[in-house]
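The values are calculated or read from the model by the stated rules, or taken from the named source; none is laboratory data. None of these values were measured; they are calculated from a predicted model. Glycine gets a Cβ as well: all are built from the backbone with ideal geometry, and neighbour counts include every protein chain shown. Heavy atoms of the whole protein, side chains included, go into the accessibility calculation; ligands, DNA and RNA do not. Shrake-Rupley method; radii C 1.70, N 1.55, O 1.52, S 1.80 Å.
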Amino acid sequence: ALYIVNVERNGKIIYTWKGNQRNTHIGLYDLQTKQNEHLYMFEKDLHIISCSVNNERTLLAVSFCQYAEEERESQLLQSVSKYLTLLIEIHPINNVRVLKAVDSCVRVQFLYPVEGRNASRESRLLLVSEDKYIEQFDIHVVAEEEHKVVIQKSGQLPRAKVVDDLVWAQWDMMEQRLFYIVPKESKSTLRCVQFYPDENFNSILESHLDIAVNDTQLKLVNFGYDYCQDQDVAPKSLNLQVFTSKAGGLCVCCSLASDIPHEIMYSIYFLHKGYNKTFTVSLERTESHQLKEVAFMNLDYYVAAYLPGQFLHLLNIQHPDLLCYSLFLTGEDARIDTLQNCPIRSPWVSTVLDCEVGSLYDVSISDSALLQFLQKSKRDCERLAALHCALLYFQHTEDLEMQIIQWISENLSTCHSFDPIQEFIIASLYCRMCPETLNLDKLLPYTSLHDWTGVVPGVKCATDIISLPMLEFQNSKGFWEKLNSNLESVKYAEPHLHYHSSVLRREWHSLSEEREERRTTAYLRNIFENAKKYVLVSIIFTPSYFAQARLVPLFEEEDYQQQLLMGLMVAQLKDHLMRHLQYVGKKKIDQIVLDYVANLLNLVHRIMKEVWRRYQLHSCVFCFDERGSAGEFAVFHIMSRILEAANGMCMPLPPGFHTLHLGLGVRCLPLHTLLHYIDNGVLQLTETCVRKLL
């Protein structure tokens, strides 16, 4: 049988197998080139525990068990150490050096430089001992005749202690980070050591966790994969993993013991948000042979808690505050065909290792399966979670947007706790705008909901506030900078940082009531200038506008009310961003606001375009000599819901929207109903429509 024993930073997989003569072989598989390379062979049957190769593939570190448990008694009489750790020159195969000969298990891991760096004459090796310490070896090599690479020093290799007295450790091979836990009184302390290409390493993070740890046995994650030993210790040791995301998310996932049969408990510490959520799931059915321990997977935007045969819980890392944005699946929806009743690990983002057979899989959320789930869902919590995932997790494509808009048009009356049009527009704006500027994701709204009081069937959730982690770093870019930004947002009351339409609504109502008196004030003139300068010119003359206008008869007209609301929104959004993004400059903020409002209006165009196409309407909606068709009535109803959604968010609509809406109303409604709609403000008389009527 072939087993994966390690995965290196460059994506190369180290595996082992037994030959015909029971020899033990070690090979390397390159995921990029799909090529295999034979690294070394032991002329005996060995149980390989850990293995790592350096970046230049000149040195191989191997840890193995010298004898089986049944041979232990006879070997003790000969004083033979149970575990042996070797450093082997393999370019070409040459000297072998013993690093450790002990009775405690040892894991090995070479450090890797940044991508694209030239071959180095020095390698650094981490050695992790079951005796709860980690040390680093510095290995200098020299090139001899015929390109032979050998270790330079014949004596003891230089070493440095990295950490001591740990009870749990996890290696992040992609980012060269070591997370570890040390017991501290009644609590545990999570720390992180960052290794740098210049051979330095620093302790960069410390966080106190309310997790009880078994300090008698060391648990290691991602330091190679010893299947026999991992299966032996799994029930006794801590099931905990740390996951990070590109957006600066830091989560600690931990499986908890429950005293109640048929009940599963697990906690997710959202360290970047400052709280912990503990979930309790009651299982409908269990069989004695089924696993009772949750496996955790990192999908970057989501953390997945998975119990094969029972449930799959996709927990939103970026927006974990509302449970309705996490997806809880059961039955066939939770089934992952290749991962049934087997212990699994997530060595890096969107990858899963089957610890039973040693197979590695890519894992991702299927957009087609998600859309099918959205279409068949009956609960609002499932619809919200699926809609949020479709809009923010996947890259926007025209086909995906079309299918979502079609679902929205069919389910306007079946969503009770949220407005799908509002959710589509706000989430789509968030997805389009946030990549433009750092920290914009903390200032723009991502949902139309203020809170959510519903429940997810079958899941209980308890939330606890936890202390924020402490960071110590200088001039560090990438993940640590984003994590620090997230922590700063939490310190300054994050929910209040997001732009909210409540201030805009108050100002809008105030202007509506006093419009005649304030029409000539400098304040009002400034608002109209905002509308003309930042919105109307850019929207009316965009190619996408004309492309859609040919299909949907929206008119280039002066709409005083919409201009006023547009200008007010521009002013409010600029003020909000200027308070928190001063460092990007006024010109950049002006462009962000322009793009935001332009995208907002184009999204309404997009909805109208798809609805118009679906019901096969033509442009002649102002022919009043005949009644409207069933398709026109359906479009009128959808436009009424768009208007309702816009009013709820105090959101401007494209020029000509009210004229088109009224034109459809004249064709579709009885006269008394039409007048009633006009009296109540559902339909608004515009100059264009009145001229057409006359």
Handout entry: Selected residue [open to solvent by 10 Å² or more (accessible area, probe 1.4 Å) and within 30 Å of residue 433 (Cβ to Cβ)] from 400, 387, 315, 391
Key = 400
Fill in the blank from the handout: Checked the range 141-170 for anything without any contact (Cβ under 8 Å) to a residue 60 or more places away in the chain, assigned to a strand (DSSP E or B) and among the hydrophobic types (A, V, I, L, M, F, W, C); matches are 142, 143, 160, 162, 163, 169
Practice task
Among the residues of the range 450-485, count how many are open to solvent by 20 Å² or more (accessible area, probe 1.4 Å), at pLDDT 90 or above and not charged (D, E, K, R).
Solution key: 13
Problem - The one condition in (1) open to solvent by 20 Å² or more (accessible area, probe 1.4 Å); (2) of a type in the set (Gly, Ala, Ser); (3) modelled with pLDDT of 90 or more that residue 427 fails to fulfil - result: (1)
Completion exercise
When (1) open to solvent by 60 Å² or more (accessible area, probe 1.4 Å); (2) β-branched (Val, Ile, Thr); (3) at pLDDT 90 or above are applied to residue 114, the one that fails is (3)
Handout entry: The listed residue being at pLDDT below 90 and over 25 Å from residue 199 (Cβ atoms), out of 104, 120
Key = 104
Problem - Verdict on residue 161 being surrounded by fewer than 19 Cβ atoms within 10 Å (Cβ to Cβ), among the charged types (D, E, K, R) and in contact with an Asp or Glu (Cβ under 9 Å, 6 or more places away or on another chain) - result: yes
Exercise for the section: With the condition kept exactly as written, say whether any residue in the range 625-637 is open to solvent by 40 Å² or more (accessible area, probe 1.4 Å) and touching a helix residue (DSSP H, G or I) at 6+ places or on another chain (Cβ under 6 Å). Expected result: yes
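To keep it simple, each residue is scored yes or no on (1) in a helix (DSSP H, G or I); (2) of a type in the set (A, V, I, L, M); (3) modelled with pLDDT of 85 or more.
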position: 524; (1), (2), (3): yes, yes, no
position: 538; (1), (2), (3): yes, no, no
position: 546; (1), (2), (3): yes, no, no
position: 558; (1), (2), (3): no, no, no
position: 599; (1), (2), (3): yes, no, yes
position: 604; (1), (2), (3): yes, yes, yes
position: 628; (1), (2), (3): no, no, no
position: 636; (1), (2), (3): yes, no, yes
position: 639; (1), (2), (3): yes, yes, yes
Completion exercise
Considering only strands (runs of 3 or more DSSP E) wholly within the range 271-358, the ones with at least 2 residues that are aromatic (Phe, Trp, Tyr) and either in contact with a Pro (Cβ under 6 Å, 6 or more places away or on another chain) or modelled with pLDDT of 90 or more (or both) are 275-282, 302-307
Problem - Leading residue by the ranking (surrounded by the fewest Cβ atoms within 10 Å (Cβ to Cβ)) among those in the range 178-191 that are within 20 Å of residue 250 (Cβ to Cβ) and without any contact (Cβ under 8 Å) to a residue 24 or more places away in the chain - result: 189
Exercise for the section: Of the conditions (1) at pLDDT 90 or above; (2) open to solvent by 80 Å² or more (accessible area, probe 1.4 Å); (3) not β-branched (Val, Ile, Thr), residue 39 clears all except one; give me its number. Expected result: (2)
